[in-house]
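So that we are looking at the same thing, I have put the structure below in structure tokens.
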Amino acid sequence: MTDPQWHGPQPGEGVILTLKSPPLPVSWARLAPPVIIVNGRPLPAPRQGRNSIPAPPGRYRIHVHLRYLVPARMGPADYDADVAAGQWTEVEYKPPLWTLGKGSLGPPRSATAG
């Protein structure tokens, strides 16, 4: 797997990771801060919505979970994203409906887990 810290990406390539919230008016997932880890390295200050991760071509292991009390990692999900030269790869995370469920991470329009 490629490490984005070692090689500089060309303009316009990498991963766009969209963090979604459940459509419920009150949800645990809306209160829990997201954690994004790419190839074992946490991204600084991830947020709900679109997160741009510049990266050169290669395969990237993406892990997302929400920081919570019990369990400490709510809605964990993993995905291997392939970045092609000069392209952005779209990936979408949806948290579970229940705190003990798993999240959904993959191409956009992935089903809500949980």
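The values are calculated or read from the model by the stated rules, or taken from the named source; none is laboratory data. Since the model is a prediction, treat every value here as computed from it, not as a measurement. We place every Cβ from the backbone using ideal geometry, glycine too, and count neighbours over all the protein chains shown.
Which of the residues spanning region 76-103 are closer than 24 Å to residue 31 by Cα and either more than 11 Å from the chain's Cα centre (by Cα) or part of a loop (DSSP other than H, G, I, E, B) (or both)? Talk me through it step by step, then tell me what you get.
If we filter region 76-103 for residues that are closer than 24 Å to residue 31 by Cα, which is where we start, we get 76-79, 91-103.
Matches in region 76-103: 95, 96, 97, 98, 99, 100, 101, 102, 103.
List pairs: first in region 71-88 and closer than 19 Å to residue 61 by Cβ, second among the aromatic types (Phe, Trp, Tyr) and in a strand (DSSP E or B), Cβ under 6 Å, 6+ apart or cross-chain?
Short answer, once both residue conditions are applied: 81/60.
Is it fair to say residue 77 is modelled with pLDDT of 85 or more, touching a Gly at 6+ places or on another chain (Cβ under 8 Å), buried (at least 19 other Cβ atoms within 10 Å of the Cβ) and over 16 Å from residue 101 (Cβ atoms)?
Against the criterion (modelled with pLDDT of 85 or more, touching a Gly at 6+ places or on another chain (Cβ under 8 Å), buried (at least 19 other Cβ atoms within 10 Å of the Cβ) and over 16 Å from residue 101 (Cβ atoms)), residue 77 does not qualify.
Let me ask another. I'm trying to understand the selection: among the residues of region 1-52, which are at pLDDT 75 or above and charged (D, E, K, R)? Break it down stepwise before answering.
The first filter runs over region 1-52 and keeps only residues at pLDDT 75 or above, leaving 11-21, 32-52.
Listed by number, the residues that qualify are 13, 20, 41, 47, 50.
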